[in-house]
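Engineer: Below is a structure I'd like to ask you about.
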Amino acid sequence: MTVHGAKLKKLRAAKTEADPFVGLPEPAAFPALDRPWNILVTGVGGTGVVTIGALIGMAAHLEGKGVSVLDQTGLAQKGGAVNSHIRLAHDPEAIHAVRIAAGEANALIGCDLVVSASADVVDRMRPGLTRAVVNGHESMTGEFTRQPDLQFPGADLVHLLEHAIGRDALAVLDAQRLATALMGDSIATNPFMLGFAWQRGLVPLARASLERAIELNEVAVAQNKRAFQFGRLAAHDLRAVEKIARPADEEKPAPQTLPELVERRVADLTAYQDEAYARRYAELVRLVAEAEAARAPGRAGLAAAVARYAYKLMAIKDEYEVARLYADGSFRRALAAQFEDWRSLEFHLAPPMAAERDPTTGHLKKRRFGPWMETAFRVLARFKRLRGGALDVFGRTPERAMERRLRDDYLALVGELCAKLTPANHALAIEIASVPEHIRGYGHVKERHVAEAKAREAELLKRFRAPSPTPLAVAAE
């Protein structure tokens, strides 16, 4: 989707009567600059990391202090690791090198967790000397496109930083989530982190100098100054910032129990198709839960797996569902939460019945559709009851037929799992019921994942259907 002529939403806090920054105290003290003070700013290219170094450098220049800024952008200026080495001193003559040596960093402003925990950055830290503030937002690397089951090692990276400088010297927060919620754009994350670090006493320069540097940069001045202030407030009172950032229509927390899981999905399936379709799902989960309690007493997990993956296969994201999701109001609310207004929208779609195929790969190619698609979505959403019937023209494509077959095969398979369930094969039954987890994407991507998932399912079913070994008879004495 492309949004044309969009203006970012004004700050949510600006709409409140009380200024959240009134009474915000200044840092108690800054470190003396009788010797160079070394700051590392780390992040990903294209997000404003170099700009943060430039702002600190300009603020130091305005105060007549000595400063050096060295930006290391690596092989990729956008999307690659970026490190800024910043050295501050009262006297320019006190700075003899621009690169921060191993174990000599006084402060780390980590705008990206992965880069901040890299070997090159950690080597420049020292327990008892380095203090760090790090954006803990989990931004997956490009490797995720090749390994869809890749898990973000957030806890491991934080532990690595704690080991490097000590737990008390490290502050980790989801700055990107907060800055995006407050400012409507994730680009505000880095000035937010600068404000957080300044409030923690890690940037020994006057606030007025930093704000003047933001003004001289002449880029999104009001937004960056506001983000800086919110970073300060987060360092002083994180709960207050969380409260301001939390939207009024915040999503419900993720379901924790099986009844909560089923209740949420019944509501979704009712909106997806109708109450009868949702009841079919709820009845399936109920039967699995009863079979699990009767045939594998004391064990759990199978009913929850079926609740997740039966829903995934039943809620086929076909043309009617795409139209419904665009037309039910949530899409417009999401736009309104981020943008004040916009001139027009474009939708990038590859309808199986209308899209051209790439002559080289044979894959469907996306086309751009104008704002009129919103009207088309509203009309199409009303015809969802045609889904699966004789008049369902979209359901005649090979992809839709495959999706219905996956759904029906899974529902039948669940019946077999329940009929043959024992305490011994309970864990294997859960693994089989969870195979749809690996079916992802659309078009040719989904076809590849289906083939891999079905091969895995066949392997697991062969083990599940194998007769249990006969216990060895014990000879009587």
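FYI, it's all coordinate maths here, none of it is from the lab. These numbers were taken from a predicted model, which means no experiment stands behind them. No Cβ is skipped: glycine too gets one built from the backbone with ideal geometry, and neighbour counts run over all protein chains shown.
Engineer: Can you work out ³J(HN,Hα) from phi for every residue in region 190-195, in order, using Karplus 6.51 cos²θ - 1.76 cosθ + 1.60 and θ = phi - 60°, giving whole Hz and x for Gly and Pro?
Structural biologist: So the J values, rounded to whole Hz, are 5, x, 4, 5, 4, x.
Engineer: Modelling each spin label as a point 7 Å along the Cα-to-Cβ direction, I'd like the Ala455/Glu26 distance in nm, to one decimal.
Structural biologist: 6.6
Engineer: Given the chain, what percent of its DSSP beta bridges are antiparallel, to the nearest 5? List each step's numbers first, then the result.
Structural biologist: Values: 24 of 36 bridges.
Among the beta bridges of the chain, antiparallel pairing accounts for roughly 65 percent.
Engineer: Report the extension gain between Arg286 and Thr360 in nm, rounded to one decimal, defined as 0.36 nm multiplied by the number of residues separating them, less their alpha carbon distance.
Structural biologist: Numbers: separation 74, 0.36 × 74 = 26.64 nm, distance 4.81 nm.
Stretched out fully, the Arg286 to Thr360 stretch lengthens by 21.8 nm.
Engineer: What FRET efficiency, computed as 1/(1 + (r/R0)^6) with R0 = 60 Å and r the Cβ-Cβ distance, is obtained for Arg448 and Ala222, rounded to the nearest 0.05?
Structural biologist: Taking R0 as 60 Å, the efficiency between Arg448 and Ala222 is 0.80.
Engineer: Right, something else. What is the projected area of the convex hull of the Cα atoms of region 10-245, averaged over all directions, in nm²?
Structural biologist: Quarter of the Cα hull surface area: 12.9 nm².
Engineer: Less than 14 Å Cβ to Cβ from Arg463, Lys/Arg counted +1 and Asp/Glu -1: what total charge do the surrounding residues give? Please list the in-between numbers first.
Structural biologist: Working: positive: Lys420, Arg456, Lys462, Arg465; negative: Glu416, Glu431, Glu457, Glu459.
Every neighbour counted, the sum reads 0.
Engineer: Place a point 7 Å from the Cα of Phe339 along the Cα-to-Cβ direction; which residues of region 210-227 have their backbone N under 20 Å from it?
Structural biologist: Only 220, 223 fall inside the zone, counting backbone N under 20 Å.
Engineer: Scan (1) 28.5; (2) 31.9; (3) 29.7 for the value of mean projected area of the Cα convex hull in nm² calculated from this model and give just the label.
Structural biologist: (2)
Engineer: Can I ask one more? In a shell of Cβ-Cβ distance under 12 Å around Glu356, excluding Glu356 itself, what net charge do Lys and Arg (+1) and Asp and Glu (-1) give? Don't skip to the answer; put the middle values down first.
Structural biologist: Numbers: positive: Arg357, Lys365, Lys366, Arg367; negative: Asp358.
After counting each charged neighbour, the total is +3.
Engineer: If you don't mind, another one. Evaluate the Debye formula for region 319-386 with equal point scatterers sitting on the alpha carbons, no solvent, and hand back log10 of I(q)/I(0) at q = 0.16, 0.21 Å⁻¹, in q order, two decimals.
Structural biologist: -0.66, -0.95
Engineer: For the pairs Lys65/Lys225; Lys420/Lys454; Lys65/Lys243; Lys312/Lys366; Lys384/Lys462; Lys243/Lys384, note any where the Cα-Cα span goes beyond 28 Å.
Structural biologist: On the way: Lys65/Lys225 22 Å; Lys420/Lys454 20 Å; Lys65/Lys243 38 Å; Lys312/Lys366 24 Å; Lys384/Lys462 38 Å; Lys243/Lys384 39 Å.
Going by Cα-Cα distance, Lys65/Lys243; Lys384/Lys462; Lys243/Lys384 fall outside the 28 Å limit.
Engineer: In whole Å, what are the extents of region 256-372 along the principal axes defined by its C-alpha atoms, from largest to smallest?
Structural biologist: 58, 42, 24
Engineer: Let me ask something additional. Run lengths n ≥ 4 of DSSP H only: what is the helix-derived mean residue ellipticity at 222 nm for the chain, with -39500 (n - 2.57) per run over all residues, to the nearest 500?
Structural biologist: Values: 18 runs with 218 residues, N = 477.
Rounded to the nearest 500, the figure is -14000 deg cm²/dmol.
Engineer: Long-range amide H contacts for Phe30: which residues qualify at under 5 Å (H placed 1.01 Å from N, peptide plane, sequence gap of 5 or more or a different chain)?
Structural biologist: Close amide H contacts, sequence-distant or interchain: none at all.
Engineer: If you average the C-alpha positions of region 208-235 and of region 114-139 separately, how far apart do those two centres end up, in angstrom?
Structural biologist: Result: 23 Å between the Cα centres.
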